[in-house]
Amino acid sequence: NNSNEWSVTLLTLGTVSYSDTNLQLILDQPVAGNGLISLAHQLIAAKLNITAGASDSAVANDIEAADALIGGLVVPPVGTGYLSPSTTSGLTKILDDFNSGVIGPGHCAE
């Protein structure tokens, strides 16, 4: 349970809601050639950054696009969803850039 570290205990990826425990399972899951897992890693981080106060202005449309692409797929290991890395790589890169401070509000001081 990440309730002491995260500002939320539930996040939605696509149209599926995940508890903080399941989100941690997803973050611990190796990508292993599944673009859905890679995209989910970055989408979780972006949504957590935003709930912690980061402005989403640089990636709001990309987050919406990522959620639309994921749709009702359930991310492993919680489910068995799969997306080709070639389908997700563009959005994954943008969200990684946001999470790394390359775009958006920049790196936090912590």
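Just to confirm a number: summing +1 for Lys and Arg and -1 for Asp and Glu over residues other than Ile63 whose beta-carbon lies under 11 angstrom from that of Ile63, what do you get?
Value of the local net charge: -3.
Just how large is the dipole of region 1-99 about the Cα centre, in debye to the nearest 20, putting +1 at every Lys and Arg Cβ and -1 at every Asp and Glu Cβ?
Dipole of region 1-99, to the nearest 20 debye: 160 debye.
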Net charge contributed by nearby residues that have their C-beta within less than 11 Å of Gly104 (K/R +1, D/E -1) = -3
Looking at the square roots a ≥ b ≥ c of the eigenvalues of the Cα gyration tensor of region 29-72, which shape do they give, rounded for a/c under 1.5, prolate if a/b is larger than b/c, or oblate?
-> oblate
Cβ-defined net charge surrounding Thr12, 15 Å radius [Lys, Arg +1; Asp, Glu -1] = -3
At what distance in nm do the modelled label points of Ala45 and Ala60 sit from each other, each positioned 7 Å from its Cα along Cα→Cβ?
-> 2.3 nm
Debye intensity ratio I(q)/I(0), log10, region 1-47, q values 0.24, 0.28, 0.31, 0.34 Å⁻¹ (C-alpha model) = -0.87, -1.13, -1.29, -1.40
Structure-based [θ]222 nm, the chain - -39500 (n - 2.57) summed over DSSP H runs of at least 4, per residue, nearest 500 | -15000 deg cm²/dmol
Please report, in whole Å, how far the alpha carbons of the chain spread along each principal axis, starting with the longest.
-> 36, 31, 22
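Any read-out appearing in this document is the output of simple, stated calculations on the displayed coordinates, not a laboratory observation. If you're wondering where the values come from, they're calculated on a predicted model, not measured in any experiment. Quick reminder, even Gly has a Cβ in these numbers, built from the backbone with ideal geometry, and neighbours come from all protein chains shown.
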